[in-house]
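The values are calculated or read from the model by the stated rules, or taken from the named source; none is laboratory data. Quantities reported herein were computed from a predicted structural model and do not represent experimental measurements. Heads up, the Cβs are rebuilt from the backbone with ideal geometry, glycines too, and the neighbour counts pull from every protein chain shown.
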Amino acid sequence: MNDWHNMDCVDREELAELREQKLLNTVKWAYQNSPFYREKFQNNSVTPEEVKELKNITRLPFTTKSDLRESYPFKLAAVPMEQIVRIHASSGTTGKPIVAGYTKNDLVEWSRLVARTCALAGVTSRDTAQVSFGYGLFTGGFGLHYGLEYLEATVVPFSSGNTERQLSLMKDFQTTVLVSTPSFALYMAEAAREMGLDPKKDYSLRLGLFGGEPCSENMRREIENQWGITATVNYGLTEVVGPGVSGECTCQEGMHLHEDSFIEEIIDPATGESLPEGESGELVLTPIFKEGFPVIRYRTGDITRIIPGNCRCGHTTRRMDYITGRTDDMIIVKGVNLFPSQVEEVLSGFKEVSPHYRLVLHRSDKGFVKDVEVQVELTPEGFTDSFQELEKLEQNIKNRIRSTISLAPRVKLMEPKSLERTTGKSRRIVEGEDL
Amino acid sequence: MVNQISVFLENKCGRLVNVCQTLGRENINIRALSIADTSDFGILRLIVDQPERALSVLKEEGFMAMETEVIAVEIPDSPGGLADVLHYLEEAEINIEYLYSFVEKPAKDALILMRLDDIEKAKKVMEEKGIPLIGGERIYSL
Ligand SMILES: [Zn+2]
């Protein structure tokens, strides 16, 4: 039995062979059994025979979110629906939801992937883990639940809501692992203190597994300080299986990817071309184990990179970096890809300005973005009576942006509170003529 | 020494008006002002009769405001008066960041406000040369 996590220490040559074989099988399987993929391959004049080795994957068409929406509900299925034993769906904020169906084998594979993710983060069979993700159509709750059971940890399937009860059970059960979104973990620490409890002293928590939403480094440190635990993040999405795609080990230097089960590609989101190793771009994933609803070259929309080199922990799988943005937010300025998150990161390094910013796009007659203005609020610390100092600040910000994204936008200092407080991207990016 | 109020202004029409309205409503009188601006932003510099109150009401109104020290120099009302003063400062290697004058001429002689990189040294130089400096209390109540 207990050799299910050997894949994280596998010999890389052996792994490459395994990946290739599993990819070829997946491509054949999808073509022969999924009406959606047969049609898609035919429309792109490509047959499975053209994929002879791993690198031929680029001959296959991408699958996008809208493809998956159009295949609603079961067009993706590669097995008769009677062999599907569970259905999950992502909550589409617009349009139809994306449906994922799992065969019995798929569920076993998925549980194993999640179990490996948890084991990498340091969970063992001696742990008691509370799952505070919602149980339902969302993959988070069930995904972590069965993975932790596979690992033989003691699982408390609390689901979401009822914070006070969560906190009292966590205390009484001497729960050691918390599985939730990072923001919920912070909220719970706050709630515990309001109940007169000390998150550090009154609980046995030692480890947190966080996912379901982006977790900044600051947020992670905050959670660690509040609870006195090690906080790890993991990554996954319903479209390719759910949680269990990748996750951090205790080194916290990127997320180990389960390479034996997913083929990862990093592409330039504008051209679709593969990027050299180590460069940042859109993550494309092909799960190579799924029977029920196969997915080939899914464009995740998440911006990340593959971290070159090996992890200190000794596991041999490659790591993906934390998600730094979404392609939906990408702006192409004079041929350069610009992500608002990159600007945000640069601005966070200046104490003279606040994190509130706005990108104003100026377009040419043909509609291309020819210029971007970064509007940013000055903080009291940044304000000085010296005109030169303020101009120098604008210049420094501009230079720092130029050195990270090879683009020199205009930088405009704004009065405090003059920009709308919002985290949504819609208000952060405005068209020049709208002002 | 004179306390000046500096206010950061986005180049938005109406912000200057807002500052003046806010002070007017609070019965704070503006004695002198200057605006330095580029196409991006501006710094409004004010001498008022009640600097501390002005600072707090402006901050309450959401303005980015701060206090800075400037000196007020009485320049003999004769040709070359200002030139002499500037020459003395140059000789002593004191840099002038900016200077401006009063809205209305409050006395026989011209009054100039200057922001310098070394105020203490400038005070000595002016004393040696017999150029009178005007203290805050007198300026505010002019
Ligand atoms: Zn590691």
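So the values come out like this:
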{"quantity": "Any hit, region A:346-356, residues being within 16 Å of the ligand (Cβ to nearest atom), away from chain B (no Cβ under 14 Å), assigned to a strand (DSSP E or B) and not hydroxyl-bearing (Ser, Thr, Tyr)", "calculated": "no"}
{"quantity": "Any hit, region A:418-428, residues being more than 14 Å from chain B (Cβ to nearest Cβ), in contact with a Phe, Trp or Tyr (Cβ under 8 Å, 6 or more places away or on another chain) and at pLDDT below 90", "calculated": "yes"}
{"quantity": "Filtered residues of region A:232-253 (kept if closer than 23 Å to A:Asp328 by Cα and within 16 Å of the ligand (Cβ to nearest atom))", "calculated": "A:Val233, A:Asn234, A:Tyr235, A:Val245, A:Ser246"}
{"quantity": "Hits in region B:1-43 (condition: part of a loop (DSSP other than H, G, I, E, B) and away from chain A (no Cβ under 14 Å))", "calculated": "B:Met1, B:Glu26, B:Asn27, B:Ile28, B:Asn29"}
{"quantity": "Test: A:Glu277 is touching a strand residue (DSSP E or B) at 6+ places or on another chain (Cβ under 7 Å), in a strand (DSSP E or B) and more than 18 Å from A:Val131 (Cα to Cα)", "calculated": "no"}
{"quantity": "Matching residues, region A:67-92, being touching a Gly at 6+ places or on another chain (Cβ under 8 Å) and either of a type in the set (Gly, Ala, Ser) or outside any strand (DSSP E or B) (or both)", "calculated": "A:Arg69, A:Phe74, A:Leu76, A:Ala77, A:Ala78, A:Val79, A:Met81, A:Gln83"}
{"quantity": "Filter result for the condition that a residue is within 28 Å of A:Thr317 (Cβ to Cβ) and in a loop (DSSP other than H, G, I, E, B), over A:Lys96, A:Lys52", "calculated": "A:Lys52"}
{"quantity": "Of residues in region B:52-87 being small (Gly, Ala, Ser) and free of Cβ contacts under 8 Å to residues at least 60 places away in the same chain, the one nearest to the other protein chains (Cβ to nearest Cβ)", "calculated": "B:Gly62"}
{"quantity": "Residue ID - farthest from the ligand (Cβ to nearest atom), chosen from residues in region A:213-231 that are of a type outside the set (A, V, I, L, M, F, W, C) and either closer than 30 Å to A:Arg69 by Cβ or within 14 Å of chain B (Cβ to nearest Cβ) (or both)", "calculated": "A:Glu213"}
{"quantity": "Matching residues in region B:91-120 - criterion: being farther than 20 Å from A:Ser386 by Cα and either in a strand (DSSP E or B) or at pLDDT 90 or above (or both)", "calculated": "B:Glu91, B:Ala92, B:Ala110, B:Leu111"}
{"quantity": "Conditions (1) closer than 30 Å to A:Thr379 by Cα; (2) within 14 Å of the chain's Cα centre (by Cα): number failed by B:Met64", "calculated": "(2)"}
{"quantity": "Selection count, region B:3-21, where residues are buried (at least 17 other Cβ atoms within 10 Å of the Cβ) and more than 22 Å from A:Leu390 (Cβ to Cβ)", "calculated": "0"}
